[in-house]
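First the structure, in the form of structure tokens, and then the observations on it.
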Amino acid sequence: MAYPYQIRTLDQYHQEYKRSVENPEEFWDEVASNFQWKKKWDKVLNWNFKEPKVEWFINGKLNITENCIDRHLASMGEKPAIIWEPNNPEERVRIVTYNRLHKRVCQVAQMLHNLGVKKGDRVCIYMGMIPELVYAVLGCARIGAIHSVIFGGFSAQSIADRLYDADAEFIITCDGAFRGNKDIPLKSIIDDALIGNRSVKKVIVYTRTRTPVSMLKGRDVWWEDEMEHAEHQVEKDGKVYFPAEEMDAEDPLFILYTSGSTGKPKGVVHSSAGYMVWTNYTFVNTFQYQPGDVHFCTADIGWITGHSYIIYGPLSAGGTSLMFEGIPTWPDAGRFWDIVDRHKVNILYTAPTAIRSLMGFGLDPIKGKDLSSLRILGTVGEPINEEAWHWYDDNIGKNRCPIVDTWWQTETGGVLISNLAGVTPAIPSWASLPLPGVQPILVDENGNEITERDENGIIKGNLCIKAPWPSTIRTTYGDHERCRTNYFSAYENLYFTGDGAMKDEKGNYRITGRVDDVLNVSGHRLGTAEVENAINMHAGVVESAVVGYPHDIKGQGVYAFVIFEHLHSDENLTRQDILQTVTRIIGPIAKPDKIQFVSGLPKTRSGKIMRRILRKIAEGDTSNLGDTTTLLDPGIVEEIKNGRL
Ligand code: WT7
């Protein structure tokens, strides 16, 4: 069998789960022995959640790119590693074989080496969804540089903050990126981000859109020139070679920024070995991947889902990963189904927000599309409502494809709670069972385990995890204390997810959503404080408060209450101005859906904004706002209620 650790039956799941919890070291020792190591580990696991310290495969040495590429070459060199579908369906599809991927990654590694990149250096990658992005990511990993991919929708200011936090010395970008009918000028945004920057030494620019760019002498170089030079260096006697740096199991592989409840995004750091083992293990088990399957994950590589299930999971398993440059609704809302049909996709992994948005176009876009190659469907990013689940099941899976509802986070590196496709039962809108090695626990505000069940046998509480899994977050870059206070200090000896959950009598979990000041907008995380900071940057804004409200397509929408100094007659113009500012400071993804101007905010006598009240008003549920007598100015609630948008 291709993957000896692939669970194939329900009984086997229960056995494996039990084994993984009773004897984790033996369990993961066995799984890890299926990878290519330069030196075997001395011990499987060391940990305490106090510091926190989590170390897996101690003193093991490896390079993840040898596991994602080199070890597949002998048997699968000419098999497709990546199938690339361009934004414009008229443009040529690119099939990247493992041999070709090997060559390109060696070239990038050589190019980075030539430009002075060394092990441990931070390389920021800001590119569209093109194969070169994968070459860049893996080229970094090959020489041991730490990649930090930034989603193409972030603004110059957001990039500048991340470059500064990571102390990045190198950037890989493109002239521009195609998305639908838009052409995003990536290089020009990078130029803005670099004003005042002191750390970046080189910017490598790949030509994708032929948008005019300004190239700074001594700093900016063309990818094409550097790669051509590198090509001669890595090719000898018809063979391609660039040594893969020997990495310690715990050497950081990448940083990925994500929002939290404070104003500043955190640089989540993942390790080399643990992350590799977990993304591979969860890929093979959750999706029941079989050799030859075409796996289509629709996420952007700028998010963790793309890192784990477009690049590292599928490639480490020798799989075929379909990568799509565009968006689901361009040139029309049948694009996903057209891709599934033309490339005979077997596994489709997407987000509830995409499903809901496509639902809105009815069944016409599906007509005439052959979806019979599909075997397994998946969702990720937010709770999936039953209506969307059934639409997906009926119209895309035609009631013959198991749907996996995968719950996880940037910090967890890979899936923690999900059914295994066709192996463990799927329950609409339930993420269901933990993967082997994952020990969830529901606790109350004091960190005590909740065991009391309601009349339906359900337990509700805050979702924590009791013990480390191989791809546990290792630190937040440059600030370990922040990692501790954010995830490991709310409850002693537990990792706190920030999510609330329910558990039924069979041990299935249903995630109910964030319990902190974090929004989930179209499956993307947004901190309310972060959006408020951006709004407050706008001249004339005195103060603001941001909350989420249920949104038909996005899951959650952003509702902003804003105190504005001198509101002139055209409120809408002021709204547009504020949206511009948010776009400048964070990016279009953070734009509020609703902006209500208010003369004050409901605050306690100590000055704390009562978000509970604002949330209720935004949700339109104003019948019971709870006790408002402790407010500094109880009258303000009435005004806000009446002005609700
Ligand atoms: C938050 C993590 C993990 C990749 C995408 C998002 C929510 C994620 C589910 C799911 C219910 C989910 C949680 C989590 N979430 N998947 N299947 N069911 N909620 O990554 O940006 O790190 O966000 O997304 O609230 O904490 P992220």
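The values are calculated or read from the model by the stated rules, or taken from the named source; none is laboratory data. Bear in mind the structure is a predicted one, so any value in this text is a computation, not a measurement. Note that we place each Cβ from the backbone using ideal geometry, even for glycine, and neighbour counts take in every protein chain shown. To get the accessible areas, we keep the full protein, side chains included, count just its heavy atoms, and leave off ligands, DNA and RNA. Shrake-Rupley method; radii C 1.70, N 1.55, O 1.52, S 1.80 Å.
Distances between placed amide hydrogens fall under 5 Å for Ala81 paired with Val96, Thr97, Tyr98, all partners being 5 or more residues away or on another chain.
Once a ≥ b ≥ c are taken as the square roots of the eigenvalues of the Cα gyration tensor of the stretch 72-150, is the result rounded (a/c under 1.5), prolate (a/b larger than b/c) or oblate (a/b not larger than b/c)?
oblate
In whole Å, how far is the Cα centre of the stretch 339-382 from that of the stretch 211-280? Going from one Cα centre to the other spans 31 Å.
Accessible surface ranking for Ser148, Ser599, 1.4 angstrom probe, highest first: Ser599, Ser148.
Using the 1.4 Å probe convention, the accessible area of the chain works out to 39 Å² per residue with neighbouring protein chains retained. For Lys43 and Ser489, the FRET efficiency from 1/(1 + (r/R0)^6), where r spans their Cβ atoms and R0 equals 25 Å, is about 0.40. State whether the stretch 418-490 is rounded, prolate or oblate according to the following rule on the C-alpha gyration tensor (a ≥ b ≥ c being the square roots of its eigenvalues): a/c under 1.5 gives rounded; otherwise a/b larger than b/c gives prolate, and the remaining case gives oblate. Judged from the Cα gyration tensor, the stretch 418-490 comes out oblate (a/c at least 1.5, b/c at or above a/b).
Summing charges over neighbours of Asp70, with a neighbour being any other residue whose Cβ is under 12 Å away from its Cβ, gives +3 when K and R count +1 and D and E count -1. The helix-based estimate of mean residue ellipticity at 222 nm for the chain, built from -39,500 (n - 2.57) per DSSP H run of four or more residues and divided by its residue count, is -8000 deg cm²/dmol to the nearest 500. If you take all other residues with their beta carbon under 10 Å from the beta carbon of Thr97, and give Lys and Arg +1 and Asp and Glu -1, the sum is +2. If the Kirkwood radius is taken over C-alpha pairs of the chain, then at 20 °C and 1.002 mPa s the Stokes-Einstein diffusion coefficient equals 84 µm²/s.
Would you mind getting the Kirkwood hydrodynamic radius of the stretch 520-642 from its Cα pairs, rounded to one decimal in Å?
14.8 Å
Between Asp332 and Lys344, the modelled labels are 2.5 nm apart [label points 7 Å from Cα along Cα→Cβ]. Accessible surface for Lys591 stands near 80 Å², nearest 10, in the context of the full protein assembly shown (1.4 Å probe). Secondary structure note: in the stretch 64-245, about 35% of the DSSP beta bridges are antiparallel.
Over the stretch 64-245, the reciprocal of the mean inverse Cα-Cα separation, the Kirkwood hydrodynamic radius, stands at 16.8 Å.
As a test, work out the antiparallel percent of DSSP beta bridges whose residues both lie in the chain, rounded to the nearest 5.
Values: 62 of 101 bridges.
Around 60 percent antiparallel, to the nearest 5.
The charge dipole of the chain, taken about the Cα centre with unit charges on the Cβ atoms of Lys, Arg (+1) and Asp, Glu (-1), comes to about 780 debye, rounded to the nearest 20. Length, then width, then depth: along the principal axes, the Cα atoms of the stretch 21-68 run 34, 23, 18 Å.
Our estimate of slack between Glu90 and Ser606, defined as 0.36 nm per intervening residue step minus the Cα-Cα distance, is 179.7 nm. In the context of the full protein assembly, Thr485 retains an accessible surface of approximately 70 Å², using a probe radius of 1.4 Å and ignoring ligands and nucleic acids. Straight-distance candidates among the lysines for linking to Lys503, with alpha-carbon spacing under 17 Å and chain neighbours fewer than 8 residues away dropped: Lys460, Lys466. Going by a ≥ b ≥ c, the root eigenvalues of the Cα gyration tensor, does the stretch 133-225 fall in the rounded group (a/c under 1.5), the prolate group (a/b larger than b/c) or the oblate group? The shape class here is rounded.
The simple spin-label model puts a point 7 Å past each Cα toward its Cβ; for Arg198 and Ser569 those points are separated by 5.0 nm.
Computed from the C-beta positions of Lys398 and Gln12, the FRET efficiency with R₀ = 25 Å rounds to 0.35.
Placing unit charges on the Cβ atoms of the charged side chains and taking the dipole of the stretch 64-245 about its Cα centre, the candidate lying farthest along the positive direction among Leu186, Val123, Ser155 is Val123.
Working from label points 7 Å from Cα in the Cα-to-Cβ sense, the Thr628 to Glu505 distance is 4.3 nm. Under a model in which nothing but the beta-carbon of Lys, Arg (+1) and Asp, Glu (-1) is charged, the stretch 560-608 shows a dipole of about 360 debye around its Cα centre. Candidate cross-link partners of Lys38 among the lysines, defined by an alpha-carbon separation under 27 Å and a same-chain spacing of 8 or more, comprise Lys53, Lys61, Lys79, Lys103, Lys118, Lys119, Lys236, Lys239.
If you take the charge dipole of the chain about its Cα centre, with +1 on Lys and Arg Cβ and -1 on Asp and Glu Cβ, which of Ile366, Asn486, Leu216 is farthest toward its positive end? Of the candidates, Leu216 comes out farthest on the positive side. Dipole of the chain computed with +1 at Lys/Arg Cβ and -1 at Asp/Glu Cβ about the Cα centre; of Val541, Gly378, Asn285, farthest Cα towards the positive end is Asn285.
Listed by chain and number, the aspartates and glutamates placed with their C-alpha closer than 19 angstrom to that of Lys40 are Glu25, Glu26, Asp29, Glu30, Glu55, Glu66, Asp70, Glu245, Glu246, Asp248, Glu250, Asp251; residues fewer than eight positions away on the same chain are left out.
For the stretch 32-153, the Cβ-based charge dipole about the Cα centre amounts to some 540 debye (Lys, Arg positive; Asp, Glu negative; other atoms uncharged).
Solvent-accessible area of the chain (1.4 angstrom probe, protein heavy atoms only): carbon and sulfur portion equals 48 percent. For the stretch 330-335, 3J(HN,Hα) computed residue by residue from phi via the Karplus equation (6.51, -1.76, 1.60; θ = phi - 60°) reads 9, x, 8, 6, x, 4 Hz, glycine and proline entered as x. Ranking Thr630, Thr583 by solvent-accessible area of protein heavy atoms (1.4 Å probe, all protein chains present), from largest to smallest, gives Thr630, Thr583.
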